[in-house]
Amino acid sequence: GEILDILRDNRKLPEQANFQAFKKECLNMFKNLIAKHEDFYYLPDGKVLRQLVIPHEYGGLLISYEDLTEQIAREQSYKTLVNVNKSTLDNLFEGVVVFGQDGKMQLCNPAYLNMWKLDDEVLGGKFHINDILEQTSKFYIHKGQWDKFKQEMISIIHERKPMRQKIERTDGSILNLSCV
C-alpha cells in the first residue's frame, strides 16, 4: 500500500477518480488472484505501460511492467499514414491498382472499380490479374484472340517495367495506361 501511495505521489500511476478503491483492488490481488491479470496504465506524463501480474506458486505476486509508449506511438503514426494515403488514393479521379509480384491485386481505388465496372467485393479479396482481366474482358478489343491478349496484359504486370499505352475499349472510351 505504501508503494502505491509513493507511486501516486510521483505520478507514476494512472489518474484515479477513487484512488482508495484502486488501491484496495491492487492489494486484493495478493489474496484473490488465481490466474494472470493484465492491465494497461496510461500515465499522466503520456507513457503507456503494460502491467502483467502473475500469482507466484509460493505466495505473493510477480509483477512485470512493459513500456509500450514508443510502440503505440509508432502504430498510431503508421495508422495515420495509412489513413492519409487511403484518403488520397480514394479521392483520385484516376483509377489506380497495385498488383504484387505473385499477380494478385494488393489494392485499388474506387475510381478503378468504377472505370472497369467492378464490384466492391474486389476491394476485399486478393484477386489475381487473370481474374480481373476475365471480369473486365467485355471492355477489351482483342480481335478474337482473347488468350493471346490476356497473356500480353499479364506479362506487362509481371515484367514490372515502366511503360505507357493507350487502351481503346469496346464502349468507345480510350484509357491511358501507365505502369510503374
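When you go through (1) at pLDDT 95 or above; (2) under 18 Å from GLY59 (Cα atoms); (3) not charged (D, E, K, R) one by one for ALA21, which number turns out not to apply? Looking at each condition in turn, ALA21 falls short on (2). Scanning the range 122-151 for residues that are open to solvent by 50 Å² or more (accessible area, probe 1.4 Å), outside any helix (DSSP H, G or I) and either closer than 13 Å to VAL98 by Cα or acidic (Asp, Glu) (or both) yields LYS126, HIS128.
The combined condition, being surrounded by 12 or more Cβ atoms within 10 Å (Cβ to Cβ), assigned to a loop (DSSP other than H, G, I, E, B) and touching a strand residue (DSSP E or B) at 6+ places or on another chain (Cβ under 9 Å), is not fulfilled by LEU107.
Looking at TYR112, TYR78 in this structure, which one is among the aromatic types (Phe, Trp, Tyr), touching a Gly at 6+ places or on another chain (Cβ under 9 Å) and farther than 30 Å from PHE22 by Cβ? None of the others qualify; the one that does is TYR112. Looking at GLU57, GLU15, GLU70, just one residue is in a helix (DSSP H, G or I), open to solvent by 80 Å² or more (accessible area, probe 1.4 Å) and acidic (Asp, Glu), and that residue is GLU70.
The values are calculated or read from the model by the stated rules, or taken from the named source; none is laboratory data. Just so it is clear, the structure is predicted and the values come from calculations on it, not from any experiment. As a convention, Cβ positions derive from the backbone with ideal geometry for all residues, glycine included, and neighbour counts pool all protein chains shown. Heavy atoms of the whole protein, side chains included, go into the accessibility calculation; ligands, DNA and RNA do not. Shrake-Rupley method; radii C 1.70, N 1.55, O 1.52, S 1.80 Å.
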